[in-house]
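I have placed the structure first, in the form of structure tokens, so that the comments after it can refer back to it.
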Amino acid sequence: PDMSESKKTVLCIFCNERGPLSREDVTSNWIGRTLGKEPGGTWINTAGKISGGDKPVTKQTQHKTASVFKVPVVCVDCNTQWMSRLDNAVRPSLGPMIVGRVPGHLTREQLDLLAAWALMKAIVYDAMDRRALPPEVGHRFFVGRTPEPADLVLLGRWEAPAEHPTRQILMKWVTYWDHLGVVEAVRAVILVFTFGQALLQVGIPVTPPPEGMIPEHPPPGDDLILCWPPREGSAVWPPPLPITERWRGWPVRF
């Protein structure tokens, strides 16, 4: 950072303390290096009524290099200490998946690390534009360093189109309760990341269902691995079925 930026402070979205500003990478620098170049990023923000079954409406699409996805929302202490440690801890597991190597088993510890890392990145990505998550979500994660019991983290193998084999794609949906034809409060924020051949979906609930409404949570199929809530035992990577651009499963999984 330049000298002018090093003097700036920020109210950190994680520790909730004001401290020296640090720009956090929405997509970690090592991911670009793993893919062998500075890949382009596609940023897609959408909103839809999940309960009503409406197809999400695309609000914004930006094609940029991954290096621009730096968000000035965290402090130096968080970014260089526990966030850096979590980023380094997940790399041995996520790195090979990104480039399609090392099929085999993922241990419970590896799945927990993937879930925690994905949630951390999802909170940062949400803060990048029109923040939809309540402030307490970031602070709860700072205190516990794990997702909440109601959070959902899924892992899949992304089959990228031949013309964009190393593209990073970031997607965000803000979903709403649709009860008896009336759009209620925000239901959840769903964020999807694809890095090379790895896809992670994070679902973070915001408000409980309206009175008299029972939400449905379809279980993962043959195309997704449940990272969180915790499952017993290990998981087999990759899943039997890949995920392609024609896949329409992510907004209705939560």
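The values are calculated or read from the model by the stated rules, or taken from the named source; none is laboratory data. Because the structure is predicted, anything quoted here is derived from the model rather than measured. So basically every Cβ, Gly included, is an ideal-geometry build from the backbone, and we count neighbours across all protein chains shown.
Within region 88-107, which residues are at pLDDT 85 or above, more than 13 Å from I225 (Cβ to Cβ) and not in a helix (DSSP H, G or I)? Spell out how you get there, then give the answer.
Applying the first criterion (at pLDDT 85 or above) to region 88-107 yields 88-99, 105-107.
Restricting the remaining residues to those that are more than 13 Å from I225 (Cβ to Cβ) gives 88-92, 95-96, 98-99.
Selection gives V99 alone.
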Q: Evaluate region 205-212: report whether one residue or more is out of contact with any strand residue (DSSP E or B) (no Cβ under 9 Å at 6 or more places or on another chain), modelled with pLDDT of 85 or more, assigned to a loop (DSSP other than H, G, I, E, B) and surrounded by 13 or more Cβ atoms within 10 Å (Cβ to Cβ).
A: no
Q.
Against the condition at pLDDT below 75 and either in a loop (DSSP other than H, G, I, E, B) or not hydroxyl-bearing (S, T, Y) (or both), how does E245 come out, does it pass?
A. yes
Q: Provide a single number: the residues in region 1-56 that are of a type in the set (G, A, S), more than 22 Å from Q168 (Cβ to Cβ) and modelled with pLDDT of 85 or more.
A: 1
**Q.** Where a residue in region 160-177 is in a loop (DSSP other than H, G, I, E, B) and its partner, wherever it lies, is of a type in the set (G, A, S) and modelled with pLDDT of 80 or more, with Cβ under 8 Å and at least six apart
**A.** A160/G196; P165/G196; T166/G196
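Within region 149-196, how many residues are small (G, A, S) and modelled with pLDDT of 80 or more? Give the derivation first.
First pass over region 149-196, keeping only residues small (G, A, S): 150, 156, 160, 162, 181, 185, 188, 196.
Still in the running and modelled with pLDDT of 80 or more: 150, 156, 188, 196.
Within region 149-196, residues that are small (G, A, S) and modelled with pLDDT of 80 or more number 4.
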Q: Would you check which residues across region 213-242 are at pLDDT 85 or above, under 15 Å from L152 (Cα atoms) and not in a strand (DSSP E or B) and list them?
A: L224, P229, P230
